[in-house]
Every structure is written in structure tokens, then in C-alpha cells.
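The structure under discussion appears below in the form of C-alpha cells.
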Amino acid sequence: MKKILQFTAILFFVFSINAAAQTVTAKVIDAQNQPVPYVSIQIGPTYGVMSNEEGIFVITVPEKPEDNKIIFSSIGYETLTIPLADLKAGTYVLKEQVNVLDEVFITNKKYTPIEILTKVKENAPQNYASQTAKQTFFLRNSHDNKLIDSKFEMIKSSLEKKSTLKDLNKELEEIAKKKKGQRSTDFSEAYGFLYTQNGESKLVVEKAVELKNKEKDVAGDQNSKLIEVIKKHLEPDATYKVRSGILPVDDSLKVSSPAKDVKEDVKTASLRSSITALSEKLNKFYTNEELDFLTEFKRYTYALEGFATFNGETIYIIDFKPAKGSAHYYGKLYVNAADFALVKLDYNLVDGEYERKVNLKLVLGLKMIQDGTKVSATFAKNEAGQYAVNFVKKQMRNYMYINRSLKFTKNKVSKDEETRMLKIEFLMEVDVFATNELFIIDRKPATAAEFAGITEKANYNVNYISKFDPAIWKDYNVLAPVEAIKNYQ
């Protein structure tokens, strides 16, 4: 009997270990069998994931879970709670919420949309977390690139005759014609930790990858063709001064570096700026002048569209649209009726408007337009009752036009050496449709001493991959890959 009990105990231990290491891939759908994107899937207050835009999620059950149940929640749907032991691969159905609430049951005062939003602003300083914090983040950037036009022409080379340059330019012209109108896609992902304190931030990057077919990347391919041309007509061991018109580009460029599968020395500050632009500006939305629909009420028309419940709390749904020409956005705001916290916002840039525009086409041959902006963000509440961004999706179009010349002048080793140079004129016109998805996996309070002890490295490395590798994010609770990533060729 004792041996049987020992054997049973061993089996239970082995089973427990396997269960602790369990990773589940599943899908969230609605009653019409349509995927429900960006659903919060939580095991306890601080551990969970979100479904991706196709409703898919991947979650690794922790060894010591915070709770014995798992909760699926999304505004507009009834919350689904199941025992953690029942979590398995398959589909989970969320029922759309039927609004049967009357306002008299929600509040003893009937607020107008402007009064609700005024209370949002008044309560914001205490509703939104401002203490020193450590945030675990996952960022996915997707790009759909369309090459509108490109041209390259070698104007002058110390190493080539004019007749040779003419033949080379014909070859470059044929390459450009074939690429015109072509499209390519690429994805980049990064995981790490963002530390914030009193408006300052530091970033620690644990892992970063880029999924790209370098040979078929319509923008990068043009650059690589240009680089190959440059390499053939510059001395590999020499360094060069590079100028574009009157603007200096580099004083000691060397072109002999071989292509690598790792992009080295990527600027950490640039990634940090991208992340904070998505998250920290939204955490301070009540002081962000760009989001004028939350600060300049006279520019917009607001309507109380209805109510919803989320995690047992009542939510106001407010629709807004421009009332004046100075307004730039339209969308919906979701406000907690109990504490007047903004828990979700969706906003879109009005057609014909742009977020940024630089037109120096006639002067410097440069033009850039950022428009087509669509943003959806949700805020999570911690145990202390304070909110912070936990997910942001931003979509936009970036149009770029560059018509410039590049002049390479060899740095002389001795005064008697002959001056050698190469001059190229190039044109590139491209549309880039970008999607940024930032998932704040976890946010924990940190001390001032912890913040001071973090040293942000100036650079980090990005690993290039040419096809999807499921092992890269194994055991990470990040956004599950979408089909376009899994099927990337």
C-alpha cells in the first residue's frame, strides 16, 4: 500500500511539473464565429496576455499561478471566467453585451458628455499612475511598403569613363523600372523593460528581431542596389567624406563591411522614444495638446452613445466628431462611471488631415507626410485603483519623397595623392503603411534607487530572420504571431 501511495505521489508530482510548464494556444471568437481582437486574458491581477488582431493568444501557465481561474474580458462583451484547470487549446466564445441598463441605475445625476469629460480631466492626476515604475513591454511593428518610383544615375566617377557610366546607368534604369509599383512587407519585434520616473525613462532591451526578406524589400532593395554600385566604384580600404548637396552626411565612411544577419549598434534612444510616444503620452492625455478632443471641448460635438459593463463596472460610451475646422479627430471614449477614469479610447484622423508634413521638395528635394492615423488604446487598473496604458495599436501612412545627390570624396592619405570622388543622383518615392502594437505585459512599482541603478545602453542588436521561427518567443507571454508572420516567405 505504501508503494502504491509513493507511486501515486510521484505521478502527481510529474503531472504537476508538466502542468506548470503548460503552454496553450487558443482563439477567442464571438457568437458569429468572428475573431475578437485584443481581449485581456488574465490569471490573477498581474499575469496575463492579450489576443492578437486575429483573436489568437498563447499563454504559458505559471508554476504558481496567482489564481485558480482565468478571465477573458473586453469592453462590449460579457466577461468569461473558467477554471484554470479547464484551459486548453481550442476556441473560447465571448457573448456580445446587451445593454439593458437605464441611466437611473447608474448614477443619481444625469451628466452631459462635456460634464463627464470635465470630470475625467479633474480626476486624471489621481486616477493615472505617476510613481516610479518598471514596465515589461512587447512591441511589434509591421510595414507594408509600396515603391512608387525610383531612379539612380551615376554622374561622375574618378574610376570610370563617361562611356562606362552610360552603360551602368542604363542597367540601373532597367532595375528601377522592374521595381516600380512593387510591394513588400516586414515585421520587427522587441521585448524588454521600460523604467519611468518623473517624466524620465530608461530602456533595457532583452531581445529584438526583424523579419524581412532583404532581397525583396522594395525600399531596402533599392538602397542595397545603390550600395552595391557604390562599393564597385569606391576603394574598399579607403574612407570617404559624404555630402548630400551642401549637407554633410559622414566624414569617414567605409563601404567594405560585409552584410550580416545581425543589425548592430541600433540606437536604444530611438526605440525608447517610439515606446514612450505610444504609452507615456497617453498616460498624460489630460495635458497632451495633440489630443485636443480631451482638452478643447469647443472644437468637437459629443454624444452619449450608451453604456457597457467591464469587470463589473459601468462604462459611459461617448462618441465625438469635429464641430469646427480646427478639430482633427473623430472616435469614441470609454469612461468608468464610478471614478471617471478613461479606460479606453479609439480615435481616427479626419480624412485630408495629416499629423506631420514636411515639404521641402523644391529646396532640398524632400517631402514627408504622415496621415491616415488610427489609434486604439486600453488602460488597466492596478490593485491601488490607478490606471496606466496596457495596450496601444497605432496605424498610419508615411509618404516619403527624396530627390538628392550624394558625393563621395576620398580622404587622402598623403598630400600628393590624387583626389578621387563619386557623385550619384537618386530619387525615391515610397508609401509605408505602418502598424505599431505595444503591449505592456506587466507594470510594477519601482524605487528611486532602482531607477537610478539602471544604466541604459546606447545601442542594442537586432537579429534578422527570413522566416517565422516559433522558438524565438517560446515561454514569453507576448502577442501571438498573426498568419502573415507565420506564413512569411
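The values are calculated or read from the model by the stated rules, or taken from the named source; none is laboratory data. Computed from a predicted model, the values in this text were never measured in an experiment. For neighbour counting, all protein chains shown are included, and Cβ atoms are generated from backbone atoms with ideal geometry for every residue, glycine included. Please note that ligands, DNA and RNA were not included when accessible areas were found on the heavy atoms of the full protein model with its side chains. Shrake-Rupley method; radii C 1.70, N 1.55, O 1.52, S 1.80 Å.
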If you check A484 against the conditions, is it small (G, A, S) and surrounded by 12 or more Cβ atoms within 10 Å (Cβ to Cβ)? yes
Considering only region 174-213, how many residues are open to solvent by less than 40 Å² (accessible area, probe 1.4 Å), charged (D, E, K, R) and not in a strand (DSSP E or B)? 1
Is it true that T455 is of a type in the set (S, T, Y) and open to solvent by 70 Å² or more (accessible area, probe 1.4 Å)? yes
Please state which one of A384, A341, A337 is of a type outside the set (V, I, T) and open to solvent by 30 Å² or more (accessible area, probe 1.4 Å). A384
Against the conditions (1) open to solvent by less than 40 Å² (accessible area, probe 1.4 Å); (2) within 22 Å of E280 (Cα to Cα), where does L422 fall short? Just the number, please. (2)
Within the set of pairs 6 or more residues apart or between chains, which connect a residue that is on the phi < 0 side of the Ramachandran plot inside region 173-185 to a residue that is of a type in the set (V, I, T) with Cβ atoms less than 9 Å apart? K179/V218; K180/I148; Q182/V218; R183/V218; S184/V218
Select from region 55-73 the residues that are part of a loop (DSSP other than H, G, I, E, B) and open to solvent by less than 50 Å² (accessible area, probe 1.4 Å) and list them in ascending order. G55, V61, P62, D67
Tally up the residues in region 303-326 that are open to solvent by 20 Å² or more (accessible area, probe 1.4 Å) and over 29 Å from the mean Cα position of the chain (by Cα), please. 10
Yes or no: region 405-415 includes at least one residue that is in a strand (DSSP E or B), of a type in the set (F, W, Y) and either closer than 30 Å to E290 by Cα or open to solvent by less than 30 Å² (accessible area, probe 1.4 Å) (or both). yes
